[in-house]
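*Asks:* Input: one structure, supplied below.
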Amino acid sequence: MKRETLIWSVLLVLGFLGLTGRALLTDRGMANVYVRAVDRTLVQVETEAEAAEAGGVLSKRWVDAEAPEAADLDLASLGADQVRKVTTYEQVLPNDYYRAVSEDPDQAQIRWSASRTVGVWVAAIFTLAIFSFLYKDNVFYKIAESILVGVSAGYWMVVGFWDIIVPNLMGKLWPALVKGWAMPGLEAQPEPLYWVPLILGVMLVWRLSPKGSWISRWPLAFIIGTTAGLRLISFLHANFLAQISNSIVPLIVMEGGQVDIAESVRSLVLIVGILSCLVYFFFSFEHKGAVGKTAKLGIWFLMITFGAGFGYTVMGRIALLAIRLEFLFDDWLWLIDPSNARILFSAIS
Amino acid sequence: MYTFLKNLDRRWIFLLMFLAVAIPILFELQFPEHPTGLAQAVFDEIEALQPGDPVLLAFDYDPASEGELGPMATTFTYHCAKKGLKMYFMALWPVGAQMIDDNIAKVIKADFPELEYGKDYVNLGYKSGYEGVIKVIVTNLRGLYTTDSYGTSIDSIPMMEGVTDIRQMKLLVNVSAGYPGTTEWVQYAITPFSKDLRMVAGCTGITAPLLYPYIPNQLPGLLGAIKGAAEYEQLVMDAYGGEKVDQKYMKARQRMGPQLIAHLLIIGLIIVANILFFMEKRKGVVR
């Protein structure tokens, strides 16, 4: 057996035994998620005013029986197709479950959730699968990576349809239809100007056609032109002119009639840093003599900036690792309990 | 020793880093935080507001950066709720809407049940269009927002009455993971309307160095990564937390324990690598 195969096999067997032991042989187990079942009554509401406003399109929507819109309704007089009983589930802390069971062992309002518990296990296994790449590229990593890419693509498609196409295009062109179908709170009049983005959008999709793909260049040119214009102005304003203004500071800062040494040094470093960095990027003169020394100082300033950037990047990456380990140790393995979410178990048991 | 370190498999360094982060988490190591000027400036900007003042909270991040930005978003929400400010939540990132919902459930519904949706806070949700959204809402909020995140017409939301653009906000609070985020808010809202608008922000470590040039004229206060979040958390909890602070308002400070140990490890590794470099230089292996 190859050395690496042996290492993988030992890790998997030890991991499986450890998890089985922790899940089955300990009192509390691990990774359990509990939910509270909340029974709700929904009623269908539709007022004449709303239907008329929606241009004759049937505008019905389900609201909670306790909502203000349903205040005037007599539930007893409504037909069976106008009232629905639904149960929603809210995640609760394990403490809530322990407390409920200790008070009434037969209660069913707060219960163990199989689907959400499986969700925690799936998240944990995928986290470990991604981490496994640090040892070596392997099949577990490939599976996790592929599923992540697929799920992300699917999610973006759904978001693109419901959050962009429906409200920003269809909602502007056919508000009555969208109000009755997807956005009951939408109050808008048709805006014919939005036919322009619709046509440009269709032209953009033409790119997929085997013939006439050049048609997509027109909307593309529109996108590039408007984006460039929009960004150029804002960049010049916020990042160029405003930065020049921010850099014009007094070298000697006076505070209460006396020189503020700390602020003065800060201003001096700012001015020297800006000038030396600008000299470094000035290539019309050879970097020799005074120019060369100033350019070298500019390199030092740049290196310190890159170092600070690297330090911040490291901090960000460690924070991401920390939250994944927190998830594994807290939500999955129940090794730690920083939020005291399971503290009542010991009190009850 | 030289040969051992020279040929050290990088996977041992990964293991060391895992231990450096895991051990402080397991032992729940935590260290006191001393707020720096930028965190103090963020705190002071919110402190200067009066109860009832409108504040726009733009949460432009997603679960990938929740570890860094979640704690500061939670503390921002808590601070604004404690001050009695009217909170207008929005997001330029698709999953930002879920981040808002999470903070509303975790902070407002749990600890401020007296606050009423539509009167004290509103979730305008995600709006696509990147910086285009900022460009529009800075002069015409209703041109883009016809409903809130849950599909309710904004005309029927009491706290939206009279709100025509975001220049009516007393302060913008942005939590940003990248593009679109703080840079775009500065470029399209703060700089052109510097007399009407002020903004404080919290950002990821990677984007923080890019935002420093905006301080202090365009951006009075900035929370850089988890360190900035921990400092701000300390300030807010010292002022409003009372004697027994809920653990959810200590997340940033809890995550500074692993940061300290991991940074010490990295500093140690950099020193060792430099020693190796100079040893090789002395031996003539490198020039």
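*Asks:* Being β-branched (Val, Ile, Thr) and outside any loop (DSSP other than H, G, I, E, B) is the filter; apply it to the stretch B:148-169 and report the residue that is farthest from the chain's Cα centre (by Cα). Walk me through how you get there before you give the answer.
*Replies:* Applying the first criterion (β-branched (Val, Ile, Thr)) to the stretch B:148-169 yields B:152, B:154, B:157, B:163-164, B:166.
Pick out the ones that are also outside any loop (DSSP other than H, G, I, E, B) and you get B:154, B:166.
On the way: B:Ile154: 27, B:Ile166: 20 Å.
Top of the filtered list is B:Ile154.
*Asks:* With the requirement that a residue be farther than 22 Å from B:Trp93 by Cα, part of a loop (DSSP other than H, G, I, E, B) and within 12 Å of chain A (Cβ to nearest Cβ), what does the stretch B:205-221 give you?
*Replies:* Selection gives B:Ile215, B:Pro216, B:Asn217, B:Gln218.
*Asks:* Looking at A:Leu208, A:Leu204, A:Leu200, which one is farther than 30 Å from B:Ile157 by Cα, surrounded by fewer than 17 Cβ atoms within 10 Å (Cβ to Cβ), in contact with a Pro (Cβ under 6 Å, 6 or more places away or on another chain) and modelled with pLDDT of 85 or more?
*Replies:* Details: A:Leu208 fails: in contact with a Pro (Cβ under 6 Å, 6 or more places away or on another chain); A:Leu204 fails: surrounded by fewer than 17 Cβ atoms within 10 Å (Cβ to Cβ).
Going through A:Leu208, A:Leu204, A:Leu200 in turn, just one is farther than 30 Å from B:Ile157 by Cα, surrounded by fewer than 17 Cβ atoms within 10 Å (Cβ to Cβ), in contact with a Pro (Cβ under 6 Å, 6 or more places away or on another chain) and modelled with pLDDT of 85 or more: A:Leu200.
*Asks:* Moving on. Look through A:Leu236, A:Leu268, A:Leu275 and report the one residue that is modelled with pLDDT of 90 or more, of a type in the set (A, V, I, L, M, F, W, C) and under 30 Å from B:Ala189 (Cβ atoms). Reasoning before the result, please.
*Replies:* Working: A:Leu268 fails: under 30 Å from B:Ala189 (Cβ atoms); A:Leu275 fails: under 30 Å from B:Ala189 (Cβ atoms).
Among A:Leu236, A:Leu268, A:Leu275, only A:Leu236 is modelled with pLDDT of 90 or more, of a type in the set (A, V, I, L, M, F, W, C) and under 30 Å from B:Ala189 (Cβ atoms).
*Asks:* Any chance the stretch B:246-267 includes a residue that's free of Cβ contacts under 8 Å to residues at least 12 places away in the same chain, more than 10 Å from chain A (Cβ to nearest Cβ) and polar (S, T, N, Q)?
*Replies:* No; the residues of the stretch B:246-267 include none that is free of Cβ contacts under 8 Å to residues at least 12 places away in the same chain, more than 10 Å from chain A (Cβ to nearest Cβ) and polar (S, T, N, Q).
*Asks:* Checking the condition touching a residue at least 40 places away in the same chain (Cβ under 8 Å), within 13 Å of chain B (Cβ to nearest Cβ), part of a helix (DSSP H, G or I) and not aliphatic (A, V, I, L, M), which residue from A:Lys179, A:Lys136, A:Lys172 passes?
*Replies:* Values: A:Lys136 fails: part of a helix (DSSP H, G or I); A:Lys172 fails: touching a residue at least 40 places away in the same chain (Cβ under 8 Å).
The unique qualifying residue is A:Lys179.
*Asks:* Let me ask another. Cβ-Cβ below 8 Å, separation at least six or inter-chain, first residue in the stretch A:296-320 and under 23 Å from B:Gly67 (Cβ atoms), second surrounded by 15 or more Cβ atoms within 10 Å (Cβ to Cβ) and charged (D, E, K, R): which pairs?
*Replies:* Short answer, once both residue conditions are applied: A:Met315/B:Lys227; A:Gly316/B:Glu68; A:Ala319/B:Glu68; A:Ala319/B:Arg255; A:Leu320/B:Glu68.
*Asks:* Which condition number in (1) at pLDDT 75 or above; (2) more than 34 Å from the chain's Cα centre (by Cα) is the one that A:Gln44 fails?
*Replies:* Here A:Gln44 clears every test but (2).
*Asks:* Now for a different question. Select, from B:Gly224, B:Gly202, the only residue that is within 9 Å of chain A (Cβ to nearest Cβ) and in contact (Cβ under 8 Å) with a residue 24 or more places away in the chain. Write out each step before concluding.
*Replies:* On the way: B:Gly202 fails: within 9 Å of chain A (Cβ to nearest Cβ).
B:Gly224 is the lone residue from the list that is within 9 Å of chain A (Cβ to nearest Cβ) and in contact (Cβ under 8 Å) with a residue 24 or more places away in the chain.
*Asks:* Just one of the numbered conditions (1) farther than 21 Å from B:Leu265 by Cβ; (2) surrounded by 13 or more Cβ atoms within 10 Å (Cβ to Cβ) is not true of A:Phe281; which one?
*Replies:* (2)
*Asks:* Could you check, for the stretch B:170-191, whether at least one of its residues is out of contact with any Asp or Glu (no Cβ under 6 Å at 6 or more places or on another chain) and acidic (Asp, Glu)?
*Replies:* Looking for residues that are out of contact with any Asp or Glu (no Cβ under 6 Å at 6 or more places or on another chain) and acidic (Asp, Glu), one finds none in the stretch B:170-191, hence no.
*Asks:* In the stretch A:279-316, what count of residues is obtained for those that are of a type outside the set (A, V, I, L, M, F, W, C) and either touching a His at 6+ places or on another chain (Cβ under 6 Å) or away from chain B (no Cβ under 12 Å) (or both)?
*Replies:* Restricting attention to the stretch A:279-316, the residues satisfying the condition of being of a type outside the set (A, V, I, L, M, F, W, C) are A:280, A:284, A:286-289, A:292-294, A:296, A:298, A:305, A:307, A:309, A:311-313, A:316.
Now restrict to residues that are either touching a His at 6+ places or on another chain (Cβ under 6 Å) or away from chain B (no Cβ under 12 Å) (or both): A:280, A:284, A:286-289, A:292-294, A:296, A:298.
Matching residues across the stretch A:279-316 total 11.
*Asks:* From B:His34, B:His79, grab the single residue that is modelled with pLDDT of 95 or more, out of contact with any strand residue (DSSP E or B) (no Cβ under 8 Å at 6 or more places or on another chain) and over 15 Å from B:Asn123 (Cα atoms). Walk me through it before giving the result.
*Replies:* Working: B:His34 fails: modelled with pLDDT of 95 or more.
Just a single option satisfies the conditions, and that option is B:His79.
*Asks:* Pick out the one residue from B:Ser128, B:Ser153 that is of a type outside the set (A, V, I, L, M, F, W, C), within 14 Å of chain A (Cβ to nearest Cβ) and under 19 Å from B:Thr183 (Cβ atoms).
*Replies:* On the way: B:Ser153 fails: under 19 Å from B:Thr183 (Cβ atoms).
Just one listed residue meets the conditions, B:Ser128.
*Asks:* Residues that are closer than 27 Å to B:Leu141 by Cβ and more than 12 Å from every other protein chain (Cβ to nearest Cβ): find the helices (runs of 4 or more DSSP H) completely inside the stretch B:4-90 holding 3 or more of those. Write out each step before concluding.
*Replies:* Details: elements: B:10-26, B:37-47, B:66-83.
Once the helices (runs of 4 or more DSSP H) in the stretch B:4-90 are filtered for at least 3 residues that are closer than 27 Å to B:Leu141 by Cβ and more than 12 Å from every other protein chain (Cβ to nearest Cβ), what remains is B:37-47, B:66-83.
*Asks:* Taking the stretch A:238-278, which residues are assigned to a loop (DSSP other than H, G, I, E, B), away from chain B (no Cβ under 13 Å) and exposed (fewer than 14 other Cβ atoms within 10 Å of the Cβ)? So that I can check it myself, show each step before the final result.
*Replies:* Filtering the stretch A:238-278 for residues assigned to a loop (DSSP other than H, G, I, E, B) gives A:248-253, A:256-257, A:260.
Then keep just the ones that are away from chain B (no Cβ under 13 Å); that gives A:250-253, A:256-257, A:260.
Listed by number, the residues that qualify are A:Pro250, A:Leu251, A:Ile252, A:Gly256, A:Gly257.
Yes or no, residue by residue, for (1) in contact (Cβ under 8 Å) with a residue 24 or more places away in the chain; (2) among the hydrophobic types (A, V, I, L, M, F, W, C):
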site	(1), (2)
A:Trp112	yes, yes
A:Val122	no, yes
A:Lys142	no, no
A:Ser146	no, no
A:Gly150	no, no
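*Asks:* Separate question: Consider the stretch A:11-47. How many of its residues are acidic (Asp, Glu), closer than 24 Å to A:Ser113 by Cα and not in a strand (DSSP E or B)?
*Replies:* Initial filter on the stretch A:11-47 (acidic (Asp, Glu)): A:27, A:39, A:46.
Now restrict to residues that are closer than 24 Å to A:Ser113 by Cα: A:27, A:39.
Filter once more, so that each one left must be not in a strand (DSSP E or B): A:27.
Summing the residues that are acidic (Asp, Glu), closer than 24 Å to A:Ser113 by Cα and not in a strand (DSSP E or B) in the stretch A:11-47 gives 1.
The values are calculated or read from the model by the stated rules, or taken from the named source; none is laboratory data. This is a predicted model, so every value here is computed, not measured. FYI the Cβ positions are ideal-geometry reconstructions off the backbone, even for glycines, and counts take in every protein chain you see.
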